[in-house]
Every structure is written in structure tokens, then in C-alpha cells.
Amino acid sequence: MPLVTMTQLLTTAAAHHRGLGAMNVIQLEHAEAIVTGAERAGLPVVLQVSENTIAYHGSLAPILTATLAVAAGSTADVCVHLDHATDIELIHAAVQLGVPSVMYDASALEHDDNVARTAAVVSWCHERGVAVEAELGEVGGKDGVHAPGVRTDPAQAATYVHATGVDALAVAIGSSHAMTTRDAVLDDALIAELAARVTVPLVLHGSSGVDDAGLVSAVAAGMTKINIATHLNSVLTRAVREALLDEALVDPRKYLGPGRDAVADEVARLLTLLSPAA
């Protein structure tokens with residue numbers, strides 16, 4: 001199927017008070033597993049390729065082109081999204097390759113610089129029909145430089161969205177990136193206040209550290225796009241470790257395959273969890 005725009009997926013999810021699952025791709029097996037899970041659940045999904053993953057692969061085109069191809073071959077509604085990009089040239093290159101959505105992460109900059117640079121990225125992307133997500137209030141945990149206690153101010157968030165024209169806003173409400181335990185406690189009252197003040201869908205980063213009940217509660221409070229990466233990596237790694245208990249195993253397909261299957265199962269479960277029946 002053709003790629004679905006981020007705006008379409010976010011608008012539909014927000015209108016039905018459902019969460020839109022956004023899952024990170026590190027290797028081809030991730031992309032295959034995520035779309036398989038979405039097809040099984042009968043729900044849309046976002047495939048995300050981060051700046052860090054691109055650095056791991058050494059270049060943009062191979063991993064992004066493969067992800068776009070997997071998305072195009074899916075029967076589910078899929079959007080491909082460039083995640084946590086700090087390099088504007090990388091955004092330009094990804095758009096030229098065909099992504100309909102990007103996240104420009106200027107959250108580590110001083111506020112005025114964040115606003116100015118994000119507004120410029122939004123203007124360039126909107127001219128090309130590409131949606132832009134941004135972040136206000138550094139979400140904890142990423143690369144060890146973000147303060148876990150930071151919270152996004154609702155009034156500032158509303159002003160920021162108006163000044164930049166972004167299509168979605170990642171906010172700091174108690175989660176942290178790269179958590180391997182699911183015990184983060186989110187501020188649902190703050191989510192509700194942000195949702196009431198901000199005119200675009202809210203994005204939860206660091207969702208891997210939030211348990212099922214917390215995710216459901218966050219969506220009910222007003223969160224729309226739910227980013228999940230580390231949790232799925234943990235699922236894949238556990239399955240691979242179990243397969244490799246067979247010390248004679250040398251064919252990567254024999255251990256990456258079970259990892260891919262485990263991720264597909266968990267993606268289907270999580271998407272269903274985030275999108276309760278009306």
C-alpha cells in the first residue's frame with residue numbers, strides 16, 4: 001500500500017482517543033516484525049528510523065530505503081518517520097528519499113534557538129508536504145544528557161506550537177529514553193493540561209519505561225503518538241538469547257527469525273492495547 005501521511009494517522013487516532021504506536025527500526029527484521037504485528041492487529045503503525053540508527057549503519061539510504069520498501073509492501077496503514085534528527089541536512093536527505101514525516105529535535109538548544117530553527121525546518125518541510133514533530137522539555141535518559149525531572153510547561157508549549165507550526169509535539173511528562181524496566185510514572189494531570197492547551201497531537205517518548213496500565217492511562221489523558229523502541233529491542237534480544245542456547249547454531253536466520261517473530265507478537269499486543277475498541 002502507499003505510505004499514509006503522519007497527519008492522517010494522528011488526526012484519526014486523536015479523533016477516536018486512541019494511541020498511535022510508533023516503533024523504531026534498527027535492522028530489517030525490526031521493520032518486517034513491526035508491519036507483521038500491525039497487519040495482525042488490523043491497526044496502523046509508524047516505522048521510525050532514528051539518527052542514531054543511521055549512524056550505526058553508516059549511511060541513510062540503505063536502512064531508510066529498506067524500511068520504505070517494507071512499509072509499501074504492507075497491507076496495514078504505515079507511515080515512515082525520521083526520528084530524533086538533529087542534523088537538518090539529514091532531514092533534507094530523508095525527505096528526498098520519500099519520508100512523509102520527520103522529527104527535528106532541537107530540545108537541547110536554548111529556547112529561542114529551538115523555536116527559530118524548528119520554524120525554519122517546518123517551513124521547508126511543509127512546502128514539500130512533510131509533517132514535522134518537535135520536542136519541548138528534554139525527555140529524560142537520551143544519551144545520558146537529559147534531566148529526568150524536566151517537565152514541559154503547558155503555556156510555553158502552546159506558544160511554541162503557534163510560533164513553529166509543528167504538527168506534533170513531544171513533551172516531558174515523566175518518561176525517560178532507553179529504560180529497560182517498565183516502572184516510570186507519568187504525570188497524567190500534566191498530560192491532560194497539555195492536551196487542553198496545545199493544538200496539535202502530543203507524543204510520548206520513552207514509552208518503553210511505562211507499563212501497560214500507564215500507557216492506557218496516558219492515552220486516556222490525551223497522549224496520541226506513543227514511541228516504543230527499547231522494549232521491543234529487549235523482546236528481540238531475549239528471543240535471540242534463547243535460540244543461541246543451542247551452541248551449534250550458526251545460521252543467523254535461525255536466531256534472528258525467532259527474534260523477529262517475538263517482536264511481531266508484542267507489536268500486535270501493544271497496538272491493540274493502545275487502540276481499545278470504541
Among (1) assigned to a helix (DSSP H, G or I); (2) modelled with pLDDT of 95 or more; (3) open to solvent by less than 20 Å² (accessible area, probe 1.4 Å), K225 falls short only on (1)
Checking Y104, Y56 in turn, the sole residue that is of a type in the set (F, W, Y) and either closer than 20 Å to E133 by Cα or surrounded by 20 or more Cβ atoms within 10 Å (Cβ to Cβ) (or both) turns out to be Y104
G42 vs (1) open to solvent by 10 Å² or more (accessible area, probe 1.4 Å); (2) at negative phi: all pass except (2)
Subset of region 53-81, residues of a type outside the set (A, V, I, L, M, F, W, C) and part of a loop (DSSP other than H, G, I, E, B), comes to G58, S59, G73, S74, T75, D77
Condition set in a helix (DSSP H, G or I) and surrounded by fewer than 24 Cβ atoms within 10 Å (Cβ to Cβ), scope region 10-30, selection farthest from the chain's Cα centre (by Cα): answer is A15
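What number of residues within region 196-206 are surrounded by fewer than 19 Cβ atoms within 10 Å (Cβ to Cβ) and not in a loop (DSSP other than H, G, I, E, B)?
2
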Check your understanding: Hey, does region 82-102 have a residue that's in a strand (DSSP E or B), out of contact with any Leu (no Cβ under 9 Å at 6 or more places or on another chain), closer than 24 Å to L271 by Cβ and at pLDDT below 95?
Key -> yes
Discussion item. Can you say whether A33 is at pLDDT 95 or above, surrounded by 21 or more Cβ atoms within 10 Å (Cβ to Cβ) and assigned to a strand (DSSP E or B), as far as the supplied structure shows?
Written reply: no
Within region 69-84, the count of residues that are surrounded by fewer than 22 Cβ atoms within 10 Å (Cβ to Cβ) and of a type in the set (A, V, I, L, M) comes to 4
From the option list D167, D187, single residue qualifying as over 20 Å from S275 (Cβ atoms), touching a residue at least 60 places away in the same chain (Cβ under 8 Å) and of a type in the set (D, E, K, R) is D167
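The values are calculated or read from the model by the stated rules, or taken from the named source; none is laboratory data. Keep in mind that what you see is a predicted model, and the values were worked out from it rather than measured. Virtual Cβ from ideal backbone geometry, glycine too; neighbours counted across all protein chains shown. With ligands, DNA and RNA removed, areas are computed over all heavy atoms of the protein, side chains included. Shrake-Rupley method; radii C 1.70, N 1.55, O 1.52, S 1.80 Å.
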